[in-house]
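Note sheet for the following structure.
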Amino acid sequence: MNSIKVFGAYSTRGNNREPATFLIAPSILVDAGNILRSLDEKIDKINHIFLTNCHAERFADIPFFIDTYFISRRTSLYIYGLRHTIENLKANMFNDEIWPDFSKIPLIGGAPSIVFKEIEPNVEICVDNVTLKPILTSHNLPTVGYVIQKGGKAIYIVGDTYKCPEIWDEINKNTAISAAVIGCTYPSEMSEFARMHTCLTPAILRDELKQLRRHNLDFYISHISPAMESSVAYELRSNFLTANMMILYDGYTIELP
Amino acid sequence: MKEKAVMLGAYGGRSKNRSTTSLLLSESVVIDAGNLLAPLGRDAKKLDHIFLTHCHLDHIFDLPFLVESFFVERVSPINVYGVEHTIEKLKANIFNNTIWTDFSQVALLNSNESVLNLHIIEPNKTYIADGIKISPFATTHIVPSVGYVVEKNGRKLMFTSDTYKCPAVWEILNSDHAINTLIIETSFPTSMAQLAKASGHLTPGLLNEEIANLDRSNVNICINHFKIEYMNILKLELSNLKYTKKARLLDDGTEILF
């Protein structure tokens, strides 16, 4: 099955919307803002979570996921992220104050319940026949997106970003990429706010797309702010979306072409 | 006339349809922030006072998302109250400009006031919010934690939040007969007493022993903070013990009249 389940499509939680979270394969998740409220029942097979950065909405459900499934798990939960991401997760979340440090708590059978793995930009990681290449974005804290190769097809989940030429370089030169998920968070009239928060608006994204040299790929718009959803979606729908673009929503299934 | 509180989140974990601790006291006052956005929807914007019992994630989970959802629309700050340890951890680990924006340093759009005000409270003092008197008392958990005695129009309720055996709970209840409702916790099965002790929680067996300390028979006992994975055995055990079998087991959304 060459598809990706969207557990959450938005920039954050609120207004009945879930933060961007993608089930790449039964065992692999990119970001973890919503695991437990996904419509998909088969979350007990998740063993690998690749984080894009250390904001709360990216990892929000990991503490509850490991706590609730602790008793039934026999294999470690691997959490991948940049050094900054992993260090902040350890210091601020799994610190025996906000939440127990599960990396020190073995599962029944002895395997550690959580294993943190630091990743390097541009260094590919292969798990369960899926290859993930982290690529730095331009954001106000260290952030990566992932080019994900699966069954001969590749999808690029860009992650939180502001203007970032490296994204378009990657898409232009890696012709295996047949779909891309890119964020567009605030309405164009909030361009200064978007610049401060290093997120895109429809107008800035339109400018960014001028760097694209390939047109044979599908674009999915993600990371819309739940509080600004109506204005961002209105702007995108009125004069922006082309035939190969759609706005993602919670629960959607992306089929790789 | 009886007063009402609503248990917005009654569990010690999150799942598809179960949520972590929040006890709504009025449309603007709540204890703990485990589950606010989903049950309250747009009404969550009316929350002005959030009293935290301690810094564990299941009690603060919705706080960053609540502040972010409404800071553009709000005209007055969100006030968050906790003991010194709780407030320090919120500042150091959550609102630290890395995990989340430090909204205590962000001004409201139409005012010089901050979006978020963090207040340190002390046990055994009384605080008033929206006409409700709220008195924290120290409990027995693995991080500094408080329960609260709540007084609304002369009616009194006690919410212990997370705790292991705690003599103060029974001393207060035995001395203040105006408190007619107790919301206390049970997290793990009786066979896991060791884990319960190590993590600062109660089991049905421990709670049964604890209630034996109560000199009064006119206290309505409600139980929350069940660990989801042990729900069935907890129900079974609680229904078979002398002092817990009449207790009311809370669910998300349960209304408590006191």
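Which one of these does B:M1 not meet: (1) among the hydrophobic types (A, V, I, L, M, F, W, C); (2) open to solvent by less than 20 Å² (accessible area, probe 1.4 Å); (3) away from every other protein chain (no Cβ under 13 Å)?
Among (1) among the hydrophobic types (A, V, I, L, M, F, W, C); (2) open to solvent by less than 20 Å² (accessible area, probe 1.4 Å); (3) away from every other protein chain (no Cβ under 13 Å), B:M1 violates only (2).
Only one residue in A:I155, A:I114, A:I177, A:I171 is within 30 Å of B:G200 (Cα to Cα) and either modelled with pLDDT under 95 or open to solvent by less than 10 Å² (accessible area, probe 1.4 Å) (or both), so which one is that?
Checking each option against the conditions leaves just A:I114.
Listed residues A:I98, A:I62, A:I66; which is at pLDDT 95 or above, within 25 Å of A:P121 (Cα to Cα) and either in contact with a Lys or Arg (Cβ under 6 Å, 6 or more places away or on another chain) or among the aliphatic types (A, V, I, L, M) (or both)?
On inspection, the qualifying residue turns out to be A:I62.
Please note which strands (runs of 3 or more DSSP E) are completely contained in segment B:146-258 and include at least 2 residues that are at pLDDT 95 or above and among the polar types (S, T, N, Q).
Where strands (runs of 3 or more DSSP E) fall fully within segment B:146-258 and carry at least 2 residues being at pLDDT 95 or above and among the polar types (S, T, N, Q), they are B:179-185, B:220-224.
Looking at segment A:171-194 only, could you name the residues that are touching a Phe, Trp or Tyr at 6+ places or on another chain (Cβ under 7 Å) and over 16 Å from A:M245 (Cα atoms)?
Passing the criteria: A:Y186, A:F193, A:A194.
Go through segment A:220-255 and give me each residue that's more than 16 Å from A:R17 (Cβ to Cβ), open to solvent by 10 Å² or more (accessible area, probe 1.4 Å) and not in a helix (DSSP H, G or I).
A:F240, A:L241, A:T242, A:A243, A:N244, A:M245, A:M246, A:T253, A:E255
Name every residue in segment A:8-31 that is closer than 17 Å to A:Y146 by Cβ and either hydroxyl-bearing (S, T, Y) or within 12 Å of chain B (Cβ to nearest Cβ) (or both), in order of residue number.
Result: A:P19, A:T21, A:S27.
Does segment B:229-239 contain any residue that is open to solvent by 90 Å² or more (accessible area, probe 1.4 Å), free of Cβ contacts under 8 Å to residues at least 24 places away in the same chain and in contact with a helix residue (DSSP H, G or I) (Cβ under 8 Å, 6 or more places away or on another chain)?
no
Would you be able to say whether some residue in segment A:198-214 is surrounded by 20 or more Cβ atoms within 10 Å (Cβ to Cβ), more than 17 Å from A:I4 (Cβ to Cβ) and within 14 Å of chain B (Cβ to nearest Cβ)?
Scanning segment A:198-214 turns up at least one residue that is surrounded by 20 or more Cβ atoms within 10 Å (Cβ to Cβ), more than 17 Å from A:I4 (Cβ to Cβ) and within 14 Å of chain B (Cβ to nearest Cβ).
Examine segment A:7-15 for a residue that is of a type outside the set (F, W, Y), assigned to a loop (DSSP other than H, G, I, E, B), more than 16 Å from the chain's Cα centre (by Cα) and within 18 Å of B:E68 (Cβ to Cβ), and state whether such a residue exists.
Scanning segment A:7-15, I find at least one residue that is of a type outside the set (F, W, Y), assigned to a loop (DSSP other than H, G, I, E, B), more than 16 Å from the chain's Cα centre (by Cα) and within 18 Å of B:E68 (Cβ to Cβ), so the answer is yes.
Regarding B:K45, is this residue open to solvent by 60 Å² or more (accessible area, probe 1.4 Å), within 13 Å of another protein chain (Cβ to nearest Cβ), within 20 Å of A:E97 (Cα to Cα) and touching a residue at least 12 places away in the same chain (Cβ under 8 Å)?
So B:K45 does not fit the description; no.
What number of residues within segment A:36-61 satisfy the criterion of being in contact with a helix residue (DSSP H, G or I) (Cβ under 8 Å, 6 or more places away or on another chain), more than 9 Å from chain B (Cβ to nearest Cβ) and more than 22 Å from A:P142 (Cβ to Cβ)?
3
Taking the condition open to solvent by 40 Å² or more (accessible area, probe 1.4 Å), within 30 Å of A:A194 (Cβ to Cβ) and touching a strand residue (DSSP E or B) at 6+ places or on another chain (Cβ under 7 Å), does A:L132 pass?
It is false that A:L132 is open to solvent by 40 Å² or more (accessible area, probe 1.4 Å), within 30 Å of A:A194 (Cβ to Cβ) and touching a strand residue (DSSP E or B) at 6+ places or on another chain (Cβ under 7 Å).
Within segment B:107-123, is even one residue surrounded by 23 or more Cβ atoms within 10 Å (Cβ to Cβ) and either out of contact with any strand residue (DSSP E or B) (no Cβ under 7 Å at 6 or more places or on another chain) or within 14 Å of chain A (Cβ to nearest Cβ) (or both)?
yes
For B:N17, work out the one condition from (1) crowded, with 18+ Cβ neighbours inside 10 Å; (2) within 11 Å of chain A (Cβ to nearest Cβ) it doesn't fulfil.
Single failed check for B:N17: (1).
Across segment B:88-106, what is the total count of residues that are in a helix (DSSP H, G or I), surrounded by 20 or more Cβ atoms within 10 Å (Cβ to Cβ) and of a type outside the set (K, R)?
Counting residues in segment B:88-106 that are in a helix (DSSP H, G or I), surrounded by 20 or more Cβ atoms within 10 Å (Cβ to Cβ) and of a type outside the set (K, R) gives 4.
The values are calculated or read from the model by the stated rules, or taken from the named source; none is laboratory data. Here the structure is a predicted model, which means the values were calculated and not measured. We place every Cβ from the backbone using ideal geometry, glycine too, and count neighbours over all the protein chains shown. Just so you know, the surface numbers come from the protein's heavy atoms only, side chains and all, with ligands and any DNA or RNA stripped out. Shrake-Rupley method; radii C 1.70, N 1.55, O 1.52, S 1.80 Å.
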